[in-house]
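Below is one structure, written out as structure tokens; the observations come after it.
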Amino acid sequence: MDLRFLLVAVATGMLLFGCGPERADESGPTGTMAGDTPSVQAEAPDADARASRARVELQGEPEIGPAAVLVYVLDEGEGVSGAEIEVRGDMTHAGMTPVIAPTVEVEPGLYQTEGFRFTMAGDWILTAEIVMPDGTTSATQAVVTVPAD
Amino acid sequence: MRRALSPARTELPTYRPIVEQPRGFDLLRLPGLRRFVRWKYARLVFQIPLLLLAIFAIVDGFTGRQLAPRNVATTSVWLHYRGLVVIALALVGNAFCAACPLMLTRGATRRIERWLPRKFAWPSALKSKVFVTVLLVVYFFAYEYFGLWASPWLTAWLIVGYFGAALAIDALFSAGTFCRYVCPLGNFNFTFASASPTQVTAVDHDVCRSCEHKPCLHGRTTYDSPTPPAGADPGLAFIPLAAVTRPNGQGRFPGCETDLFVPTMQSNMDCTSCFNCVRACPYDNVAVTVRSPGWEWLRDPWAKRGRLAVVVMGVALAWWGLLNAVAMIGPWFQAAEWTALALGTRSEALILGIFFAATTALGFAATLGAAWLGDRLGGARTGAVTAFLRWGYVTVALGFGFWGAHYLFHFLTGALSIVPVFGQFFASWGAPLDPNWRLAQFVPTRWLFPITAAITSAYTLLAAYTAVRIALRDFGRRGAIVMWPMLIYVLVFGALSLWILGQPMEMRGTIFGPGF
């Protein structure tokens, strides 16, 4: 009985030590104002075969109030038309009200938010949740620091 | 020849309290509640859900999305635990210690104890709240420096560390050592449970006087036999089932693990609301009595539970509450930049250390100054320590008002986000769920400042009332003058609290910039 308890404790400890935080290239923010992160494929049956990339960035200088967030979606170098994209802005503290805004397609591969606004100063993580025309989903992030007024 | 007592003196009073205790309504008289609380496994009903929550938090913290608003660890700990703990303290009592899942490590503790030669004695030097106060400042510093609030991974490690610490300490030392002398969360709860509207008391103090074994403190074993059966814990008093008023089962009923003796309790300090005393009392003579908030601030109850160290902890917590909130507004970052320029450093640890030291020093200086001045105005030629002990409770009242307002702000801002957070957690494990991330706020944004300002103001008024009552209690009519230094201090603290609450938030990862 005691040996089994010890083995479970050791195994649990190894598991915990082995679980680290997400690496930046998986889905974490990159620390730049406009991030150019590889897309995180949530569901992509043949993702390895496709060179799809997405990028989210802020248009203009970050400030409290309305903001235009741009999302670029490319597939093998060509802009993707017809994607459904929602941009969500989170702060680094749990519980701060997120800002969620839909996007409209400005031109093939370029989407812009409608109604997005930074509600306070501080560090923001912008996440673009992308649903491609073929139904596959992905996400990309960027980080922004909004200065106080 | 002995004189006969006069008729008026032959009747003794039917109730003589050992110490003054609240005399309000006994909550255990509510239908079914006494029976439930005296049930041996009552505490498990609350501990198991919190244990499950802790497991979810640990799993998601280690394996889930490393984004604080979207992770069970950061959401449940920094938002829901903190918000609900102050709500519970204000409305009921120390509910979270009552439901503490850390105590479920007792099973593992007993296994470890078999490998140890004996239980060790907790060092006398650490048997004061000084050690806990040091742990508290380490905790608050780490919170800011490592950005615990923004890191699901670190939050998960914090939870694991807590369970590990409780396991280790309760294995090495007597039960209750972790709660009373180590746990920062518990001691935060103990301090601000001084504002709670309930307290454990004795129903009839004469019953306590005539009680031989004091099982509320030492525990008992009870079996349906006139003598203890083989295997019964020899360290506990045996009370046969037939001798128990309203029997609540057989077996082992531990007493208070933080050494509280029910008929002498005048505060909630060190009371974990475990209700071991309610279950252990063979006469069913323990009540959970309703009292006015701050009842204990007027009675210097901490004199019996560590006196100076306890009051120091209470005052420190109040001012660290201001610091914790200031760290989320613009002036904090401006002050950090200015300080960094002045010192020619970009060391966040150094800047944070300076801010912590300055806030602590300012807090104690202000409290001591107002207290000492009040005593001098009253003609008391006692020292600063005596003054601090007399008036320190006023700062505790202010502290609870601000912590309550601050934690409630965050809770009301995002309480509903726990729904999509759990939705995402289960979706990541294959459940067909689509989290609705629009669920977050509990109340409209425009309600937040009025609510938090009202809470802070209410406890500021309570602090002022406490100062007035202390002044009149200890200085009589001269108290009308004595109260003023403390009242001015209360007003300044209250104004500072309102100013902080009214500032626009600016959540940054580090003191100098983004936390990425």
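Just so it is clear, none of the values below were taken in a lab; they were calculated from the coordinates. If you're wondering where the values come from, they're calculated on a predicted model, not measured in any experiment. Heads up, the Cβs are rebuilt from the backbone with ideal geometry, glycines too, and the neighbour counts pull from every protein chain shown.
For the range B:232-296, build the convex hull from the C-alpha positions and give me its volume per residue in Å³.
Hull volume normalised by residue count: 96 Å³.
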Given the options A:G95, B:V326, B:N276, identify the residue whose Cα lies farthest towards the positive end of the charge dipole of the protein assembly as shown (+1 on Cβ of Lys, Arg; -1 on Cβ of Asp, Glu). B:N276
Compute the length gained on full extension between B:T345 and B:W429: take 0.36 nm times their separation in residues and subtract their Cα-Cα distance, giving the result in nm to one decimal. 25.6 nm
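Could you grab the relative contact order for chain B? Cα pairs under 8 Å, six or more apart, rounded to a whole percent.
It rounds to 18 percent for chain B.
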Among the aspartates and glutamates, which fall within straight-line cross-link reach of B:K40, defined as a Cα-Cα distance under 18 Å, with same-chain neighbours fewer than 8 residues apart omitted? B:D224, B:D233, B:E257, B:D284
Looking at B:G24, B:G64, B:Q441, which one has the Cα that reaches farthest to the positive end of the dipole of the protein assembly as shown (charges on Cβ: Lys, Arg +1; Asp, Glu -1)? B:G24
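Evaluate peptide B:58-67: per residue, the Cβ atoms of other protein chains within 10 Å of its Cβ; return the mean as an integer.
That average works out to 4.
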Sorted by Cβ neighbour density within 10 Å, fewest at the top, the residues B:M265, A:M120: A:M120, B:M265
Shielding by partners for A:62-70, please: the mean number of other protein chain Cβ atoms within 10 Å of each residue's Cβ. 0
Of the peptides B:440-446, B:310-316, how do they stack up when ordered by the mean number of other Cβ atoms within 10 Å, highest first? B:310-316, B:440-446
Sum up the charges of everything whose Cβ sits under 15 Å from the Cβ of B:L27, counting Lys and Arg as +1 and Asp and Glu as -1, but leave B:L27 out. +4
From the phi angles alone, apply the Karplus equation (6.51, -1.76, 1.60; θ = phi - 60°) to the range B:390-398 and give each ³J(HN,Hα) in whole Hz, x where the residue is Gly or Pro. 5, 9, x, 4, 4, 5, 4, 4, 4
For chain B, the dipole about the Cα centre with charges only on Cβ (Lys and Arg +1, Asp and Glu -1), to the nearest 20 debye, works out at 1280 debye
Please rank B:F120, B:F333, B:F400, fewest neighbouring Cβ atoms within 10 Å first, as an exposure proxy. B:F120, B:F333, B:F400
Put +1 on the Cβ of each Lys and Arg and -1 on the Cβ of each Asp and Glu in chain B; which of B:Y41, B:A340, B:L260 then has its Cα farthest toward the positive end of the dipole? B:L260
Which whole-number percent is the relative contact order of the range B:25-146 (Cα, under 8 Å, 6+ apart)? 20 percent
Determine the distance separating the Cα centre of the range B:355-385 from the Cα centre of the range B:231-306; give it in Å without decimals. 36 Å
Radius of gyration, Dmax [the protein assembly as shown; alpha carbons; angstrom]: 28.6, 118
Suppose the chain between B:A121 and B:V59 were pulled fully straight at 0.36 nm per residue; how much longer would it get relative to their current alpha carbon spacing? 18.8 nm
Taking chain B and counting helices only, DSSP H stretches of n ≥ 4 at -39,500 (n - 2.57) each over all residues, the nearest-500 ellipticity at 222 nm comes to -17500 deg cm²/dmol
Within 10 Å of each Cβ of A:94-107, how many other protein chain Cβ atoms are there on average? 6
Roughly what % of DSSP beta bridges within the protein assembly as shown run antiparallel, to the nearest 5? 90 percent
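Taking neighbour Cβ counts within 10 Å as the exposure measure, how do B:W332, B:W403 sort from fewest upward? Intermediate results must be reported in sequence, preceding the final value.
Numbers: B:W332 20, B:W403 28.
By the 10 Å Cβ count, ascending: B:W332, B:W403.
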Does anything in the range B:260-291 have its amide N under 20 Å from the 7 Å Cα→Cβ label point of B:F25, and if so which residues? B:286-291
Quick check: from the Cα gyration tensor, does the range B:147-304 come out rounded (a/c under 1.5), prolate or oblate? oblate
By the gyration tensor of its Cα atoms, with a ≥ b ≥ c the square roots of the eigenvalues, what is the shape of the range B:348-416: rounded for a/c under 1.5, prolate for a/b over b/c, or oblate? oblate
Cα→Cβ-extended label distance, 7 Å offset, between B:D259 and B:W338, nm: 4.7 nm
Might you report the magnitude of the Cβ-based charge dipole of the range B:224-288 about its Cα centre, with Lys and Arg at +1 and Asp and Glu at -1, to the nearest 20 debye? 160 debye
Give the long-range amide H neighbours of B:F25: residues separated by 5 or more places, or on another chain, with amide H under 5 Å away, using H modelled in the peptide plane at 1.01 Å from N. B:V290
Electrostatic dipole magnitude of the protein assembly as shown [Cβ: Lys, Arg +1; Asp, Glu -1; Cα centre; debye, to 20]: 5060 debye
Looking at the square roots a ≥ b ≥ c of the eigenvalues of the Cα gyration tensor of the range A:70-138, which shape do they give, rounded for a/c under 1.5, prolate if a/b is larger than b/c, or oblate? prolate
